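In what follows, a single structure is set out as structure tokens and then discussed.
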Amino acid sequence: MSEIVQFPGRGTSPENRSDRELNDDGDRPHAEAFRDLEPEVCDLELMGDIAQDLIMQCAAREDSLRKLELAAFAVSQLAKMTRDFREIYYKRYHGELVRVS
């Protein structure tokens, strides 16, 4: 019963292991890329909240053209930030961009 699920690197014979072990050096660039994206993730989440709040305020009140303009800006900015987010992620993943702390 204990051999129903075998995990790589934990008592499995070499012929039963997957092609790569968990936490090998091939995973390191991927893990570092995700770790380094924390500021961008936080910025995206905040802009999403702002856009949602502004849209809700505009939908609730028909007399607020300024709030509608701000909502349109926030949604436009969020779309730009998500495109930049993806571009930055792939550059970091492929080693083309390194975060300066």
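The values are calculated or read from the model by the stated rules, or taken from the named source; none is laboratory data. Note that this is a predicted model, so its numbers are computed, not measured. When we count neighbours, we look across all protein chains shown, and the Cβ atoms used for this are built from the backbone with ideal geometry, even at glycine.
Within the range 85-101, the set of residues being of a type in the set (D, E, K, R), part of a helix (DSSP H, G or I) and either on the phi > 0 side of the Ramachandran plot or touching a residue at least 40 places away in the same chain (Cβ under 8 Å) (or both) comprises R92 only.
Beta carbons closer than 9 Å, at least 6 apart along the sequence or on distinct chains, pair a first residue in the range 13-36 that is assigned to a helix (DSSP H, G or I) with a second that is at pLDDT below 80 and of a type in the set (A, V, I, L, M, F, W, C) for D36/V98. Here F85 meets the list (1) modelled with pLDDT of 80 or more; (2) touching a Ser or Thr at 6+ places or on another chain (Cβ under 7 Å) almost entirely, failing just condition (2).
Out of S76, S64, one residue alone is surrounded by 10 or more Cβ atoms within 10 Å (Cβ to Cβ), among the polar types (S, T, N, Q) and modelled with pLDDT of 85 or more. It is S76.
For the condition surrounded by 12 or more Cβ atoms within 10 Å (Cβ to Cβ) and under 30 Å from G26 (Cβ atoms), D84 qualifies.
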